[in-house]
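Student: Take this structure, written in structure tokens, and hold onto it; I'll ask about it next.
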Protein chains: 2
Amino acid sequence: MDLTDRIDSAVTAALARANRGHPPERLAKALSYATLPGGARIRPTLLLSVAAACGDDRPALSDSAAAALELIHCASLVHDDLPCFDDADTRRGKPSVHRAYSEPLAVLTGDSLILLAFDVVAQAGDDARVVGLVRVLAKRTGMPFGICAGQGWESEPEMDLAEYHRAKTAALFVAATQMGAISAGHDPEAWEDLGALIGEAFQVADDLRDAEQDAESLGKPVQQDALHGRPNAVAELGVDGAFARLNDILAGAIASIPSCPGEAALARMVRAQADRIVPRQLARKRA
Amino acid sequence: MDLTDRIDSAVTAALARANRGHPPERLAKALSYATLPGGARIRPTLLLSVAAACGDDRPALSDSAAAALELIHCASLVHDDLPCFDDADTRRGKPSVHRAYSEPLAVLTGDSLILLAFDVVAQAGDDARVVGLVRVLAKRTGMPFGICAGQGWESEPEMDLAEYHRAKTAALFVAATQMGAISAGHDPEAWEDLGALIGEAFQVADDLRDAEQDAESLGKPVQQDALHGRPNAVAELGVDGAFARLNDILAGAIASIPSCPGEAALARMVRAQADRIVPRQLARKRA
């Protein structure tokens, strides 16, 4: 099974857990709506790629970890889209959850997806690897090091830019590399740099997309950074400078891969993902 | 140390974890504001009482479990108070989090408290008891059996009343009894009934308070059930009928306590909590 199929199966299995018995139907539907069909699934793909590079001796555990990480990512999108944050009407080319289902159900969808993530990981075993996954997932999602902290910086009178980017975007990439390593029984510490650097690259690529693409091909509103006065690499470095920065960061990411059985394959995967996150029409523009 | 001190210490230690490094300050303050000073701390008190009845051989673990459960409860209050749900201006006698800090910070406070709960539990060990705690906490908070599902029922065109009450109120009491048992190495299944019955009693007592008390002594808006058209025991049975139901449920709860070293003390604690959840001025009215 290729990675995309493994991720889709694991996410579908997670959603089935939220549908047992007699759940409130609209909330149950909203959970599916928020997660299927997915986006690029970049974070769980990275997680499974690291697990593979480390031997992936418990694929059911790495599948659960991948599903959990994707659920957390989807939860963050649902809450970020809320009227009190980005007030986004669309996401992945369809109405955002609060537009399709209501604001109360969007709040509950985000909450429920967060909880489903922990439920899914904790069902996958009862040993130290499972606890390690819970630790990383909680740390990189919550306060003070996770995406909640990142979003929280947007409510501060003065922003710590480095903390902001580390928490807002890089955190879930660090979760991806570390959870992949933990699933396969490897030490997560060695894998933090790779996640942090890929996260940084992704942030720069996202800034480029936000600044340069149109809403139709992006599937969500564009120019949100400029609109909300949020800092971004294009404003800081210009388009050319941001492209140069992106290439430097990716080179550093590949150099940071710890020694492991699947090191070469993982380096190829990081390069492939990099090509994927910089949209083709943008790359063509630069050619 | 008495139970209240243990709970306060554990919650304070949890909040300190959210404050490490350089967190966004307003969100960090909002987390403390939402949890300290606490309410009656009924759920963590029940958790520690069950742990004590089961021998409490790992008090650091039961303390962490108690803090986690209280954090989840506080998170649910913050989200329930949001404008799109109860739109409550006050909570525990002070402005609700979204009134004091803003709506974005209230959403993030709820999310961050949920994540802090899992963080705290996962830091308390790396064995099967810890995983058991994560499982129960996720199940009784999320979909389809937890408080998120309960809140979700309020967005359904037709409500399954039994499921609604089981999920909306009883779920965290079941979490309390089961997490207390797990912390002390006992089988959680035997403890579900006690939690479910105490939860049912609490729901009836809450309905009585909502119907009969004034906002000042309750510290939050009253008559919310009538205002939002939510079902409750007073509307169904009248005040006298609701009191009779409450007594029956409590007798059943005490009868359901599994055989364990501290059975008698736990029965006394349940009676004491029952006296506590029916406010004095209400009990006097009925005398």
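The values are calculated or read from the model by the stated rules, or taken from the named source; none is laboratory data. Everything quoted here is computed from the prediction, not taken from an experiment. Cβ placement follows ideal geometry from the backbone for every residue including glycine, while neighbour counts extend to all protein chains displayed. Calculation scope for accessible area: heavy atoms of the full protein, side chains included, ligands and nucleic acids excluded. Shrake-Rupley method; radii C 1.70, N 1.55, O 1.52, S 1.80 Å.
Student: Within the stretch A:42-59, can one find any residue that is crowded, with 20+ Cβ neighbours inside 10 Å, within 14 Å of chain B (Cβ to nearest Cβ) and of a type outside the set (Phe, Trp, Tyr)? Let's see the steps before the verdict.
Tutor: First, the residues of the stretch A:42-59 that are crowded, with 20+ Cβ neighbours inside 10 Å: A:43-54, A:56.
Checking which are within 14 Å of chain B (Cβ to nearest Cβ) leaves us with none.
The answer is no; no qualifying residue exists.
Student: With B:60, B:40 as the choices, which residue is out of contact with any Leu (no Cβ under 7 Å at 6 or more places or on another chain) and part of a loop (DSSP other than H, G, I, E, B)?
Tutor: B:40
Student: Only one residue in B:130, B:136, B:120, B:97 is at the interface with another protein chain (Cβ under 8 Å from one of its Cβ atoms) and β-branched (Val, Ile, Thr), so which one is that?
Tutor: B:130
Student: Could I ask something else about it? Identify, please: which residue in the stretch B:139-150 is open to solvent by 10 Å² or more (accessible area, probe 1.4 Å) and not in a helix (DSSP H, G or I) and is, among those, farthest from the other protein chains (Cβ to nearest Cβ)?
Tutor: Looking at residues that are open to solvent by 10 Å² or more (accessible area, probe 1.4 Å) and not in a helix (DSSP H, G or I), I get B:145.
Student: Answer with yes or no whether residue A:106 is of a type in the set (Gly, Ala, Ser), in a helix (DSSP H, G or I) and within 30 Å of residue B:132 (Cβ to Cβ). Let's see the steps before the verdict.
Tutor: Numbers: of a type in the set (Gly, Ala, Ser): yes; in a helix (DSSP H, G or I): yes; within 30 Å of residue B:132 (Cβ to Cβ): no.
Judged against the criteria, residue A:106 is not a match.
Student: Same structure, new question: Could you please find all residues in the stretch B:180-199 being within 20 Å of residue B:149 (Cα to Cα) and among the hydrophobic types (A, V, I, L, M, F, W, C)?
Tutor: Taking the stretch B:180-199 and keeping what is within 20 Å of residue B:149 (Cα to Cα), we get B:192-193, B:195-199.
Hits for the stretch B:180-199 are B:196, B:197, B:198.
Student: May I ask you to list pairs of residues, at least six apart or on different chains, whose Cβ atoms are under 8 Å apart, with the first in the stretch A:18-43 being in contact (Cβ under 8 Å) with a residue 40 or more places away in the chain and the second being in a loop (DSSP other than H, G, I, E, B) and aliphatic (A, V, I, L, M)?
Tutor: Pairs that qualify, where the first residue is in contact (Cβ under 8 Å) with a residue 40 or more places away in the chain and the partner is in a loop (DSSP other than H, G, I, E, B) and aliphatic (A, V, I, L, M), are A:18/B:143; A:27/B:143; A:31/B:143.
Student: Note down all Cβ pairs under 8 Å where the first residue falls in the stretch A:97-121 and is within 11 Å of residue B:155 (Cβ to Cβ) and aromatic (Phe, Trp, Tyr), the second is part of a helix (DSSP H, G or I) and open to solvent by 10 Å² or more (accessible area, probe 1.4 Å), and they're at least six residues apart or on different chains.
Tutor: Partner pairs satisfying both residue conditions: A:101/A:26; A:101/A:29; A:101/A:33.
Student: Determine which member of the set B:150, B:185, B:180 is over 20 Å from the mean Cα position of the chain (by Cα) and at pLDDT 95 or above.
Tutor: The match here is B:185.
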